[in-house]
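Trainee: Here it is, the structure, as structure tokens.
The values are calculated or read from the model by the stated rules, or taken from the named source; none is laboratory data. All values derive from a computational prediction rather than experimental measurement. Glycine also receives a Cβ, built like all others from the backbone with ideal geometry; neighbour counts cover every protein chain displayed.
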Amino acid sequence: MLFDARIVGDGVAEEAKPKIRVLFYTDGVELTGGGGFSLGILRKLILDNQPVHATFEVDLLNRHTGGHARNKLTPELLGRYEQVWFFGLFQCNLPGMPENELVDAEVAALRTWMDAGGGVLVTGDHSNPRPPEADPSLAEYLNLGRAICHRIPRAGELRVWNDRPDSSIEFSHNTHTPDPWGSQINDPIPNDLDPYPQELILKRYGTRPHPLFTGRRGPITVFPDHMHEGQLLIPEQFPTDVWPSGRRGQPKPEIIARGTDKRNGAVYGVTTAYDGAAAGVGRIVADSTWHHYFDLNLWGFEVGGDVLRRLTEYYVNLTLWLTPARVREEGNSVLLKWVASHPTVQAVLPEGTRTPGNAAASLVREVTGGAVLPDLVWPLEGEPVVPADLLLGAQVKAVAAGASAAAVASGLQAAVDEYAAELRAALGETESLNAFIAEAIG
């Protein structure tokens with residue numbers, strides 16, 4: 001269990017927690033089998049490490065179970081989930097398989113669902129040559145996973161689907177970390193199965209990484225490695241009918257983690273994040289390869305060991321971060337009430353605002369991971385100028401005082417007022433220094 005039961009204590013009643021329902025949507029990947037091209041370990045890690053304030057549910061649906069394209073995406077299906085994680089193998093439509101790719105109705109259903117807040121993880125892998133029986137007008141190289149992913153609104157624009165890198169040594173993206181035995185890093189075995197992860201280069205926001213890579217004990221800098229990953233892509237243009245704007249501007253996708261090719265030092269994008277919630281739509285994460293999630297690439301990490309623990313934190317962070325805003329707000333309301341009543345916070349409530357805020361932040365990290373805190377501190381668009389400890393401390397104090405549903409708003413307003421008072425006091429002290437300096441030097 002990722003979260004310490006002694007800290008959680010009595011926790012939150014199950015009926016009070018919102019459900020975060022995740023669909024793994026595939027076209028051939030299952031929970032077991034497939035020579036390790038499976039998602040059972042990922043699902044177990046997520047379900048076995050639930051945060052204190054929400055309940056996770058994870059299902060898998062294969063597009064072709066029961067017949068070709070029998071399980072298409074529909075408004076009814078999507079309406080049962082808060083987020084969809086796409087793990088596709090097929091490249092394109094084929095004779096006898098004319099609907100490997102999403103059809104127009106599915107794209108329309110996804111657009112409506114994503115515009116309403118649905119979250120998406122889009123993955124794939126390297127490209128292979130176009131199948132001989134495929135439409136000859138298609139590109140020479142097509143990405144694995146392209147069939148069910150390339151038409152996903154917004155998310156489909158965040159990976160290269162119609163070109164290399166491929167699986168050749170010459171044109172591959174290889175993030176394998178060499179093992180102590182001198183194994184050839186261009187081979188999948190034993191490198192995909194060994195206990196040595198790749199080390200990530202994380203984008204920093206000041207001193208912090210993105211919430212997805214914020215761990216309970218520091219930044220999450222490890223990922224499974226693989227010898228031929230795919231390539232992320234940032235669009236050159238962002239038309240507002242596709243990429244909407246919010247009250248604080250137009251959020252854009254950005255690469256937040258990169259990996260390194262151990263053969264030549266080349267650096268590749270590994271993870272892209274799009275905070276669509278800042279524009280009232282769903283969030284998106286794009287990944288360079290589904291090998292970062294498959295059993296094959298998780299088998300080598302020791303159960304209970306540091307690497308698997310840190311990866312689990314990332315998977316939990318991902319689940320929480322992709323959750324639609326309305327569900328996150330419901331869960332964060334539950335979390336604030338729980339935090340405000342916890343003995344470690346209750347003990348420091350009389351000590352101003354910052355001290356309870358810092359105590360609450362430490363507690364939140366321990367029982368939810370790192371992705372929740374930024375949204376809890378500032379549930380609005382943009383980056384706040386008010387320090388996080390003031391914002392969270394004021395909200396906690398408002399909730400502890402028995403404030404109504406407007407506790408978050410009143411807490412934020414109180415934090416802004418307190419910070420403004422601090423700035424006025426600092427300005428007054430600074431201005432008085434002019435006279436002091438003139439008198440002392442003159």
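Trainee: Is it true that G124 is assigned by TED's automatic domain parsing to the domain that holds V22, at pLDDT 95 or above and touching a Cys at 6+ places or on another chain (Cβ under 9 Å)?
Mentor: In short, yes.
Trainee: Run down R204, R154 and say which single residue is at pLDDT 95 or above, charged (D, E, K, R) and surrounded by 16 or more Cβ atoms within 10 Å (Cβ to Cβ).
Mentor: Numbers: R204 fails: surrounded by 16 or more Cβ atoms within 10 Å (Cβ to Cβ).
Selected residue: R154, the only one of R204, R154 that is at pLDDT 95 or above, charged (D, E, K, R) and surrounded by 16 or more Cβ atoms within 10 Å (Cβ to Cβ).
Trainee: Of all residues in region 246-285 being surrounded by fewer than 15 Cβ atoms within 10 Å (Cβ to Cβ) and in a strand (DSSP E or B), which is modelled with the lowest pLDDT?
Mentor: G249
Trainee: Is it the case that N174 is crowded, with 20+ Cβ neighbours inside 10 Å and closer than 14 Å to D261 by Cβ?
Mentor: In short, yes.
Trainee: Whether any residue in region 290-299 is among the charged types (D, E, K, R) and under 30 Å from S168 (Cα atoms) is what I want to check.
Mentor: yes
Trainee: Restricting region 13-32 to residues that are surrounded by fewer than 20 Cβ atoms within 10 Å (Cβ to Cβ) and hydrophobic (A, V, I, L, M, F, W, C), which is farthest from H150 (Cα to Cα)?
Mentor: Among residues in region 13-32 that are surrounded by fewer than 20 Cβ atoms within 10 Å (Cβ to Cβ) and hydrophobic (A, V, I, L, M, F, W, C), the one farthest from H150 (Cα to Cα) is A13.
Trainee: Out of the residues in region 103-140 meeting the condition of being touching a residue at least 60 places away in the same chain (Cβ under 8 Å) and in a loop (DSSP other than H, G, I, E, B), tell me which one is surrounded by the fewest Cβ atoms within 10 Å (Cβ to Cβ).
Mentor: A116
Trainee: Go through (1) under 17 Å from the mean Cα position of the chain (by Cα); (2) within 27 Å of E329 (Cβ to Cβ) for F87 and report which single condition fails.
Mentor: Every listed condition holds for F87 apart from (2).
Trainee: Further, regarding this structure: How many residues, within region 158-171, are crowded, with 22+ Cβ neighbours inside 10 Å and either in a helix (DSSP H, G or I) or modelled with pLDDT under 95 (or both)?
Mentor: 1
Trainee: Another question, then. Looking at (1) without any contact (Cβ under 8 Å) to a residue 24 or more places away in the chain; (2) surrounded by 22 or more Cβ atoms within 10 Å (Cβ to Cβ), which is the one condition that is false for V367?
Mentor: Exception for V367: condition (1).
Trainee: Name the residue that is nearest to T214 (Cα to Cα), counting only residues in region 313-355 that are outside any helix (DSSP H, G or I) and in contact (Cβ under 8 Å) with a residue 24 or more places away in the chain.
Mentor: Step one: of region 313-355, the residues outside any helix (DSSP H, G or I) are 322-324, 342, 347-353.
Then keep just the ones that are in contact (Cβ under 8 Å) with a residue 24 or more places away in the chain; that gives 322-324, 342, 349, 352-353.
Details: L322: 15, T323: 17, P324: 20, H342: 23, L349: 26, G352: 27, T353: 24 Å.
Checking each candidate, the answer is L322.
Trainee: Any idea which of (1) buried (at least 20 other Cβ atoms within 10 Å of the Cβ); (2) in a loop (DSSP other than H, G, I, E, B); (3) touching a residue at least 60 places away in the same chain (Cβ under 8 Å) is the one L73 doesn't satisfy?
Mentor: (3)
Trainee: Restrict the check to region 40-53 and report whether at least one residue is in a strand (DSSP E or B), touching a Ser or Thr at 6+ places or on another chain (Cβ under 6 Å), surrounded by 15 or more Cβ atoms within 10 Å (Cβ to Cβ) and not aliphatic (A, V, I, L, M).
Mentor: Looking for residues that are in a strand (DSSP E or B), touching a Ser or Thr at 6+ places or on another chain (Cβ under 6 Å), surrounded by 15 or more Cβ atoms within 10 Å (Cβ to Cβ) and not aliphatic (A, V, I, L, M), one finds none in region 40-53, hence no.
Trainee: Among residues belonging to region 370-412 that are touching a residue at least 12 places away in the same chain (Cβ under 8 Å) and polar (S, T, N, Q), point out the one that is surrounded by the fewest Cβ atoms within 10 Å (Cβ to Cβ).
Mentor: Checked region 370-412; the qualifying residue surrounded by the fewest Cβ atoms within 10 Å (Cβ to Cβ) is S410.
Trainee: Using the structure shown, decide if A421 is of a type outside the set (D, E, K, R), surrounded by fewer than 19 Cβ atoms within 10 Å (Cβ to Cβ) and either part of a helix (DSSP H, G or I) or not assigned by TED's automatic domain parsing to the domain that holds W338 (or both).
Mentor: Working: of a type outside the set (D, E, K, R): yes; surrounded by fewer than 19 Cβ atoms within 10 Å (Cβ to Cβ): yes; either part of a helix (DSSP H, G or I) or not assigned by TED's automatic domain parsing to the domain that holds W338 (or both): yes.
Against the criterion (of a type outside the set (D, E, K, R), surrounded by fewer than 19 Cβ atoms within 10 Å (Cβ to Cβ) and either part of a helix (DSSP H, G or I) or not assigned by TED's automatic domain parsing to the domain that holds W338 (or both)), A421 qualifies.
Trainee: Of the residues G35, G67, only one is loosely packed, with under 15 Cβ neighbours inside 10 Å, modelled with pLDDT of 95 or more and in a helix (DSSP H, G or I); which?
Mentor: G35
Trainee: Does region 357-364 contain at least one residue that is assigned to a loop (DSSP other than H, G, I, E, B) and not hydroxyl-bearing (S, T, Y)?
Mentor: The answer is no; no qualifying residue exists.
Trainee: Just to be sure before I move on: is D10 in a loop (DSSP other than H, G, I, E, B) and in the same structural domain as F90 (by TED's automatic domain parsing) in the structure I sent?
Mentor: Details: in a loop (DSSP other than H, G, I, E, B): yes; in the same structural domain as F90 (by TED's automatic domain parsing): yes.
Taking the combined requirement at face value, the residue satisfies it.
Trainee: With the structure loaded, tell me whether E236 is buried (at least 17 other Cβ atoms within 10 Å of the Cβ), at pLDDT 95 or above and assigned to a loop (DSSP other than H, G, I, E, B) or whether it fails that test.
Mentor: Answer is no for this residue.
Trainee: Something else: If you go through region 369-380 one residue at a time, do you hit one that is modelled with pLDDT under 90 and in a helix (DSSP H, G or I)?
Mentor: For region 369-380, residues modelled with pLDDT under 90 and in a helix (DSSP H, G or I): absent.
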